[in-house]
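The values are calculated or read from the model by the stated rules, or taken from the named source; none is laboratory data. Being a predicted model, the structure only gives us computed values, none of them experimental. Positions of Cβ are backbone-derived with ideal geometry, glycine not excepted, and every protein chain shown enters the neighbour counts. The accessibility values were calculated without ligands, DNA or RNA, using every heavy atom of the protein model including side chains. Shrake-Rupley method; radii C 1.70, N 1.55, O 1.52, S 1.80 Å.
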Amino acid sequence: MTTDNHENEQANTIDTSKAERHKARQQKVKVGVDAKIAAAQDEKGILLVLTGNGKGKSTSGFGSITRAVGHGHKAAVVQFIKGTWACGERNLLEGAGVPFHVMGTGFTWETQDKEKDTQAAMEAWLEAEKLLKDESINMVLLDELTYMVSYHYIELERVLTALRNRPAMQHVIITGRACHRDIIELADTVSEVQPIKHAFNEGIKAQLGFDY
């Protein structure tokens, strides 16, 4: 056997060994995943919280709304805080039959009027409560609701009561920073988005079609 043939044979043996180890690892992963799938047989409406200081919470929420609509489900959106901005998601989803209820006052540091903000928040929340009682709505996005609780514009217990008493199969997504611990405890799934870098901190302004 020549040296080249011997080296090729050794390389083939190593490759085969690596492939076998990889297959064994993946088979072990598959067994674990299959077991979890087999155990997860319950169906219920999911309460999802998207919180943290990073970018992308509302975007993720709108992605879930889009997915639901794509499957023919009925969805609705209540937007707190961002109502004065153009909203590309709203432009698209309203055309697909998704109702939007918008607080419409903008950011609280712009209005600087707690009474006005509280009234606007409550008007939006009243629409949210209607949706949270409507069995025909499969998914509700409560965008930036966490701020309304943090600023005491909406009573925490009123929010918790509406979430607990909603239709059994209705999914709800809550977005916003600093979500109250009682809402997190009630939630089925919680994701925390953390900032690593943000263009705005480098002096780059929010841009149409990317940020809003």
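In sequence order, segment 203-208 has phi-based couplings of x, 9, 6, 5, 10, 4 Hz under the Karplus curve 6.51 cos²θ - 1.76 cosθ + 1.60, θ = phi - 60°, and Gly or Pro positions carry x.
Could you pull out the pairs from K44/K133; K55/K116; K44/K74 whose alpha carbons sit more than 19 Å apart here? Beyond 19 Å: K55/K116.
Apolar share of the accessible surface for segment 145-212: 51 percent from carbon plus sulfur atoms, 1.4 Å probe. Our note on the geometry: Cα centres of segment 46-64 and segment 142-174, 14 Å apart.
Sorting 61-73, 17-29 by average packing, meaning the other beta carbons within 10 Å per residue, from highest down gives 61-73, 17-29.
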